[in-house]
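Since the structure comes first, as structure tokens, the remarks are kept for the end.
Read-outs: derived from the displayed coordinates by stated rules, not from any lab. Bear in mind that the values here come from a model prediction, so they are computed numbers and not experimental data. So basically every Cβ, Gly included, is an ideal-geometry build from the backbone, and we count neighbours across all protein chains shown.
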Amino acid sequence: MIHGLVQFSYLIATGLFVFALHWMNTPATARRGVYAGVAAMVIAVAATWAQPEVVHHVWIILAILAGFAVGVPLSRVPLTAVPQRTALSHAFGGLAAGLVGTAKFYLWSSEGPENLTTFRMIAIITEIVLGYLTFTGSLMAAGKLQEVKWIPQRPVTYPLQNLSNMALLGIAAVAGIALTIAPTAAWAPKVFPVIIVLALLFGVLLIIPIGGADMPTVIAILNAYAGLSAVAMGFVLDNKLLITAGALDGSSGLILAIIMCKAMNRSFANVLFGAFGQVQQAKIGGEQKVYKAETIEGAAQVLEQANLVVIIPGYGMAVAQAQHKVRELYDQLKKRGITVKFAIHAVAGRMPGHMNVLLAEADIPYTDLMEMDDINPDMPQCDVALVVGANDVVNPAARYDKSSPIFGMPIIDADRARTIFAIKRSKKPGFAGIDNELYFSEKTWMLFGDAKNVIGELVKQLSGGSGLH
Amino acid sequence: MARRIVPSLMAGLLVVGLAATAVAQQAPAEAAAVQPIDYWSLLFVFVLSSFIGLGIIRRVSRLLHTPLMSITNAISAIAVVGSIIVTGAEYPTPIRIMGAVALFASMTNIVSGFLITDRMLKMFKTDHKQIEGGRS
């Protein structure tokens, strides 16, 4: 009887999870999705806990309390730190899957070897390999995003890197096959930790050669791995709720990773294995190019005359903490009846959708946040394109310069606007490794200075000057 | 309109399918010590729910991809279900310790995942009032 009730609860939870994600398709219903997800989780936990084989309750309560104690502070991090938090939670997810797989293997190999069927062994090996590699890989990713000192930020490469990584994975695969064939052999409990260690090591090695620009893709891939490790756990435990929820997570990670790859014009393999160690070579030689600088007053006047202003934010805006000043500028321009839109490139920010969240936090209505494909057709009608902290995503070299590392990447057509203002911290060219041709266009005027200060000055100019006109 | 119905329909199909397997599993007596796993039904569930996932996620607004990743994080922490059994059942202590750590890790994901998703979603506003206030 209780078994039937448990299955029924799992069924309800599955349905609620599906609806939770379905409601995420528009901001208007998205919060409903969270409530559905919470309800599903409570039902699933309660049903599991009520099962007769659960007899020790103290440890469960303690672990749950500890989870709350860590989880609540983790949910209050600043929004610029959300990518790290996300990577960290992938690590937790991977760890949980790995530990449950390990526990089940040792349990069954000591008291119930008949449970270790071929199918189960394949599932267990998949679960622990995915789980543990997600654990260390995500920790590395979180460390890189947090800019922890002892984790190298730059891609680390060495000769035969791909080959040695593959060899590691190969050894793990051989050990896994051996275990699957003879799960009850005397040596089996000794071989199992070898696979764990190899998976942990592989996770680290997989992430160290990946540079900061690829982090959004990597986070999405790790998301998919964490989901798949939950699926594998479902196969091990014969639990369909784990399989459905894990599959939802896995497909989400996959889709986000594909979107990120497309936005950078790269393939999966290229992100994970291809571009190892290709340090961007700055072009040497060429004629000396000069920037044209504009004053705050001049820029404010041009902005006042505009009908359509498109602001193109990049992560540099968030680094300078300029979001709220940008919002004030938005208000000032709106007050004059000027249409203001934000052009958001898919890889703006450090994880999928990051820039939207940062702007939403600054109270900018999401109806004015436009995707690249939606805003590009309007760019020729745009009077002023204001580039704040973005660089590669507006570099026209991506369209034609085959030698550029970003060649082929879809970009926001800032150069097609009538006037371009770009805010840049220093006059030094090649700050970000590659020169941005946009900055040398005859329509482009540079505003030098810290993004927050420059926008703040613009706002002051607009609010002070408005009475005189 | 059809695009709205299709995912709901697929979800409905999955629920019916799962219900059928749940009922079917009721039928055999619970006496057998080792119940053989019906891998095929597990694989079916996996493949079908992946298709549902792909169909639904593809339609999630790009605005919400960061909250989406946070909520799927919380959802995949459903591993909590496995951890509760490993922690709470009559198993040797080392096994239960592993379970407790896994339970802690999943619980952290559930709590922080749902809370941060809601916190981010609260920020997404159409802001009619402020815009109109600004114009006047």
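Miscellaneous remarks
- Pairs from A:K460/B:K125; A:K262/A:K443; A:K334/A:K460 whose Cα-Cα separation, in the structure shown, is over 21 Å: A:K460/B:K125; A:K262/A:K443
- Restricting the GluC sites (Glu not before Pro) of segment A:435-467 to loop positions (DSSP other than H, G, I, E, B) with no more than 13 neighbouring Cβ atoms within 10 Å leaves A:E442.
- Packing, as the average of other Cβ atoms within 10 Å across residues, places the peptides A:57-68, A:345-356 in the order A:345-356, A:57-68, highest first.
- Degrees, to the nearest 10: A:27-49 long Cα axis against longest axis of chain A: 20
- log10 of Debye I(q)/I(0), alpha-carbon scatterers only, for segment B:62-124 at 0.14, 0.15, 0.28 Å⁻¹: -0.46, -0.51, -1.02
- Segment A:81-274: relative contact order in percent, alpha carbon pairs under 8 Å with at least 6 residues between: 28
- One decimal place: the segment A:R154-A:T367 gains 73.0 nm when fully extended, by the rule 0.36 nm per residue minus the C-alpha distance.
- Length available on full extension from A:Q381 to A:F268: 0.36 nm per residue minus the Cα-Cα distance, which gives 37.1 nm.
- Whole-angstrom gap from segment B:52-104 to segment A:110-138, using each part's C-alpha centre: 16
- Placing R0 at 51 angstrom, the Cβ-Cβ distance between A:F407 and B:T126 gives a FRET efficiency of 0.85 after rounding to 0.05.
- Using C-alpha pairs below 8 Å separated by at least 6 residues, the relative contact order for chain A is 13 percent.
- Over all other residues within a Cβ to Cβ distance under 13 Å of A:V347, the charged ones net out to +1, with Lys and Arg as +1 and Asp and Glu as -1.
- For segment A:161-169, backbone phi angles converted through the Karplus equation (6.51, -1.76, 1.60; θ = phi - 60°) give residue-by-residue couplings of 4, 4, 5, 5, 4, 5, 4, 4, 4 Hz, Gly and Pro being listed as x.
- The chymotrypsin sites (Phe, Trp or Tyr not before Pro) of segment A:103-150 meeting both criteria, a DSSP state outside H, G, I, E and B (loop) and at most 15 other C-beta atoms within 10 angstrom of the site's C-beta, are A:W150.
- Interatomic Cα distance distribution for the protein assembly as shown, bins of 10 angstrom, percent: 3, 16, 25, 23, 16, 10, 5, 1, 0
- Peptide A:106-119 is shielded by partner chain Cβ atoms: per residue, an average of 3 of them sit within 10 Å of its Cβ.
- Seen against the Cα atoms of chain A and their longest principal axis, helix A:188-207 is set at about 0 degrees.
- Its Cα centre serving as origin, chain A has a Cβ charge dipole (Lys and Arg +1, Asp and Glu -1) of approximately 540 debye.
- Amide H within-cut-off set for A:I311, under 5 Å, with H built and near neighbours excluded: A:K341, A:F342, A:A343, A:L386
- In order through segment A:244-260: 3J(HN,Hα) via Karplus (6.51 cos²θ - 1.76 cosθ + 1.60), integer Hz, x for Gly, Pro: 5, 5, x, 5, 4, 5, x, 5, 4, x, 4, 5, 4, 5, 5, 4, 5
- Kirkwood Rh and Cα Rg combined as Rg over Rh, evaluated for segment A:1-76: 1.07
- Of the trypsin sites (Lys or Arg not before Pro) found in segment A:99-201, those that fall in a DSSP loop while having at most 14 other beta-carbon atoms within 10 Å are A:K149.
- Over chain A: helical MRE at 222 nm, DSSP H runs n ≥ 4 each giving -39500 (n - 2.57), nearest 500: -19000 deg cm²/dmol
- Exercise: per-residue mean of other protein chain Cβ atoms within 10 Å, A:53-61: 5
- Given R0 = 41 Å, the distance between the Cβ atoms of A:R418 and A:T26 translates into a calculated FRET efficiency of 0.80.
- Each peptide in A:366-372, A:40-46 gets a packing score, the mean of other Cβ atoms within 10 Å over its residues, and the list from highest to lowest is A:40-46, A:366-372.
- Estimated distance in nm for a label pair at A:V197 and A:E442, the labels positioned 7 Å out from Cα along Cα-to-Cβ: 6.8
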